[in-house]
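Here the structure is laid out as structure tokens; the discussion comes afterwards.
The values are calculated or read from the model by the stated rules, or taken from the named source; none is laboratory data. Just so you know, these numbers come straight off a predicted model, no measurement behind them. Positions of Cβ are backbone-derived with ideal geometry, glycine not excepted, and every protein chain shown enters the neighbour counts. When the accessible area is computed, the model is the full protein with side chains, heavy atoms only, and any ligands, DNA or RNA have been set aside. Shrake-Rupley method; radii C 1.70, N 1.55, O 1.52, S 1.80 Å.
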Amino acid sequence: MTVLFGTSIPVGQAGAPVTGPGGVGRRAGGAAGACQTPAAAATQRPSEGSVHSWDLSTGVDGPGTRFVTFLAGCPLSCLYCHNPDTMRMRNGKRTSADEVIAEARKYTRFISASGGGATLSGGEPLLQPVFAGELLHRMKNDLGLHTALDTSGFLGARATDALLRDVDLVLLDIKSWNRATYEKVTGRPLGPTLDFARRLAGLGKEVHLRFVLVPGLTDARENVEGVAAFAAALGNVSRVDVLPFHKLGESKWQALDMPFALHGTPSPTAGQVADAKALFAGHGLKAV
């Protein structure tokens, strides 16, 4: 299920095949001369993946109003995850790319008028790189939408150059600069995320950086300074979102019978958030 402006809607049933320019079928194995997307060419079959839900959002998943597709499955186990129901791929529904594109197509005029686009989120989209690449390619080329990839960067090596060519903006989470803290928060090492960030900089890909401020965990001055200095040196980070930790997802952890380790952790004060933003701004970054 997903929420569309306050109304719960399920991932829909597959509709008619989506066609490319001039009505040419986009599926692999079609008529001679049919236009194949990168994923279809790689798999030689219609692209499918595990989708948790989709949604329309404004202001939090990239510029303008966005059609956001949440893919299921994530290699990280973040202590503060507000969507723990997306951690396991089995919690999603097997869905074709045709179905996702058909749903997004309903809103393209409205999305375009708002200066918005399409965002792949999760979970972690790069856990399903072929399916993610198919969706990004078709959102950009078939629907003409601005595209964004929301990722932790841990699986950045799975993103081919072809996939990244279809990405206009990367929403990259760097959850800590201190490596021990990063592993405590996510259960994974920091290095792959930093490698991916450097690769994006080398490609000149625009990045919006996300940093979750958790009192007593990620809020140490030297930790924030480390992320800020690294981001500033990349040269392609156009915005930093300092996100205050909250416990709005705790009920989901309880419903899944999973312990929420940060139950006793308070949200940061407005002053603490302002101080963190000032540290990023001090490195010449736009922090919001």
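Here the condition is being under 21 Å from Phe70 (Cβ atoms), among the hydroxyl-bearing types (Ser, Thr, Tyr) and open to solvent by less than 50 Å² (accessible area, probe 1.4 Å); of Thr147, Thr181, it holds for Thr147 alone. When you go through (1) open to solvent by less than 40 Å² (accessible area, probe 1.4 Å); (2) in a helix (DSSP H, G or I); (3) touching an Asp or Glu at 6+ places or on another chain (Cβ under 6 Å) one by one for Thr119, which number turns out not to apply? If we test Thr119 against (1) open to solvent by less than 40 Å² (accessible area, probe 1.4 Å); (2) in a helix (DSSP H, G or I); (3) touching an Asp or Glu at 6+ places or on another chain (Cβ under 6 Å), just (2) comes out false.
Mind checking which residues of segment 260-273 are polar (S, T, N, Q) and surrounded by 13 or more Cβ atoms within 10 Å (Cβ to Cβ)?
If the condition is that a residue be polar (S, T, N, Q) and surrounded by 13 or more Cβ atoms within 10 Å (Cβ to Cβ), then Thr265, Ser267, Gln272 are the ones that fit.
Here the condition is being buried (at least 17 other Cβ atoms within 10 Å of the Cβ) and either more than 18 Å from Leu213 (Cα to Cα) or in contact (Cβ under 8 Å) with a residue 24 or more places away in the chain (or both); of Leu190, Leu194, it holds for Leu194 alone. Out of curiosity, is Ala276 closer than 25 Å to Gly123 by Cβ, open to solvent by less than 20 Å² (accessible area, probe 1.4 Å), small (Gly, Ala, Ser) and at pLDDT 95 or above? No; evaluated as a whole, the condition is false for this residue. Inside segment 244-259, residues that are surrounded by 15 or more Cβ atoms within 10 Å (Cβ to Cβ) and in a helix (DSSP H, G or I) make up a count of 3.
Residues in segment 153-201 that are polar (S, T, N, Q) and either more than 18 Å from Val227 (Cα to Cα) or more than 18 Å from the chain's Cα centre (by Cα) (or both): Thr160, Asn178, Thr181. Screening Leu200, Leu171 for residues that are among the aliphatic types (A, V, I, L, M), closer than 21 Å to Lys140 by Cα, in contact with a strand residue (DSSP E or B) (Cβ under 9 Å, 6 or more places away or on another chain) and outside any strand (DSSP E or B) leaves exactly one candidate, Leu200. Filtered by the rule that a residue be under 15 Å from Ser57 (Cβ atoms) and of a type in the set (Ser, Thr, Tyr), segment 105-146 gives Tyr107, Ser114, Thr119, Ser121. When segment 207-224 is filtered for residues that are surrounded by fewer than 16 Cβ atoms within 10 Å (Cβ to Cβ) and outside any loop (DSSP other than H, G, I, E, B), the ones remaining, listed by number, are Arg221, Glu222. Scanning for something under 25 Å from Val51 (Cα atoms), of a type in the set (D, E, K, R), touching a strand residue (DSSP E or B) at 6+ places or on another chain (Cβ under 8 Å) and in a strand (DSSP E or B), does segment 142-164 turn up at least one residue? So far as segment 142-164 goes, yes, one or more of its residues are under 25 Å from Val51 (Cα atoms), of a type in the set (D, E, K, R), touching a strand residue (DSSP E or B) at 6+ places or on another chain (Cβ under 8 Å) and in a strand (DSSP E or B). Only one residue in Thr69, Thr119 is polar (S, T, N, Q), in contact with a Leu (Cβ under 6 Å, 6 or more places away or on another chain) and modelled with pLDDT of 95 or more, so which one is that? Criteria check complete, one pass: Thr69.
For segment 219-268: of the residues being of a type in the set (Gly, Ala, Ser) and at pLDDT below 90, which is nearest to His283 (Cα to Cα)? Per the criteria, the residue is Gly249. Residues in segment 225-235 that are outside any loop (DSSP other than H, G, I, E, B) and either of a type in the set (Val, Ile, Thr) or open to solvent by 30 Å² or more (accessible area, probe 1.4 Å) (or both): Glu225, Val227, Ala229, Ala232, Ala233, Leu234.
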